[in-house]
Amino acid sequence: LSPNTRLWIAWLSIPLGYWIPVPLVRAERGGAFESWLRKSDEALRRTGVAVPRWLTNILEVAYLTCFPLVLTSLAVVWLAGSPADVARYWTAVLIAGYSCYVTLPWLVSRPPRFVEHIAAVPVPSSVNRANVVVLARVSHHLNTFPSGHVAVSIAAAMAAGAVWPLAGAILGVIAAGVAFGAITGRYHYIVDVALGVGIGLIASAWGSRLGA
């Protein structure tokens, strides 16, 4: 396999990292950590503002783009950058993802949409239903802490921006939509989304130092 092919195949490390910790989970679902997340989320949401339905739908679309965003960012780096830039991209993305996945066996919780027993909106939109269908097939139905979705999206967009600023800006807006969509769609708690953003930024900074 060529070096570029091997780097593209590295994408498989993301779902592997997401699923490998699951058999190690021994803690009770719905335990003390989940209770803390729910209480902190309720407190933080009281300080926010109501999100209009049209914006919720847009954020649902953004959240659905999390998976293709990673590949699109890789394509940008691969086309506009050098092999070293591709290596920096994967360094950032994998650090971001695995920093979130590795906590799963000890910090066990379920996504808020599973424990609130109410829909995020009175009548779920078609995009919301599409997200639920996708997650039903690719998710292990546990909440990664921090949010792996958000961390990987931020790191990927930042890495793309390092080689093509305009593309990075567009992908950064989408990654921000992933973060806000994770909250409004009740896929993640506010705390793990905020930490996911931080992890993504730190990982991208760390990756940018590779070979510098």
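So that you can scan it fast, the table gives a plain yes or no per residue for (1) surrounded by 19 or more Cβ atoms within 10 Å (Cβ to Cβ); (2) touching a residue at least 24 places away in the same chain (Cβ under 8 Å); (3) outside any helix (DSSP H, G or I):
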residue	(1), (2), (3)
W11	no, yes, no
I14	yes, yes, no
G30	no, yes, yes
S35	no, no, no
K39	no, no, no
L79	no, no, no
A92	yes, yes, no
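Which condition does L44 not pass, out of (1) among the aliphatic types (A, V, I, L, M); (2) in contact (Cβ under 8 Å) with a residue 12 or more places away in the chain; (3) more than 30 Å from W106 (Cβ to Cβ), if it passes all the others?
(3)
Counting only residues that are exposed (fewer than 13 other Cβ atoms within 10 Å of the Cβ) and in contact (Cβ under 8 Å) with a residue 40 or more places away in the chain, which one in the range 19-28 is nearest to A175 (Cα to Cα)?
L24
Return a yes/no flag: does the range 122-136 have any residue that is at pLDDT 90 or above and of a type in the set (S, T, N, Q).
The answer is no; no qualifying residue exists.
Return the residues of the range 47-77 that are open to solvent by 60 Å² or more (accessible area, probe 1.4 Å), polar (S, T, N, Q) and at pLDDT 85 or above; say none if nothing qualifies.
T72
Return the residues of the range 128-157 that are of a type in the set (A, V, I, L, M) and without any contact (Cβ under 8 Å) to a residue 60 or more places away in the chain; say none if nothing qualifies.
V132, V133, L135, A136, V150, A151, I154
What's the number of the condition D85 fails, among (1) closer than 26 Å to A176 by Cβ; (2) touching a helix residue (DSSP H, G or I) at 6+ places or on another chain (Cβ under 8 Å); (3) part of a loop (DSSP other than H, G, I, E, B)?
Here D85 clears every test but (3).
Answer yes or no as to whether W90 is at pLDDT 75 or above, in contact with a helix residue (DSSP H, G or I) (Cβ under 7 Å, 6 or more places away or on another chain) and among the aromatic types (F, W, Y).
yes
Tally time: how many residues in the range 94-112 are open to solvent by less than 50 Å² (accessible area, probe 1.4 Å) and either touching a Pro at 6+ places or on another chain (Cβ under 7 Å) or closer than 17 Å to R186 by Cα (or both)?
Final tally of qualifying residues: 8.
The values are calculated or read from the model by the stated rules, or taken from the named source; none is laboratory data. This structure is a prediction, so every number in the text was calculated from the model and none was measured. When we count neighbours, we look across all protein chains shown, and the Cβ atoms used for this are built from the backbone with ideal geometry, even at glycine. The accessibility values were calculated without ligands, DNA or RNA, using every heavy atom of the protein model including side chains. Shrake-Rupley method; radii C 1.70, N 1.55, O 1.52, S 1.80 Å.
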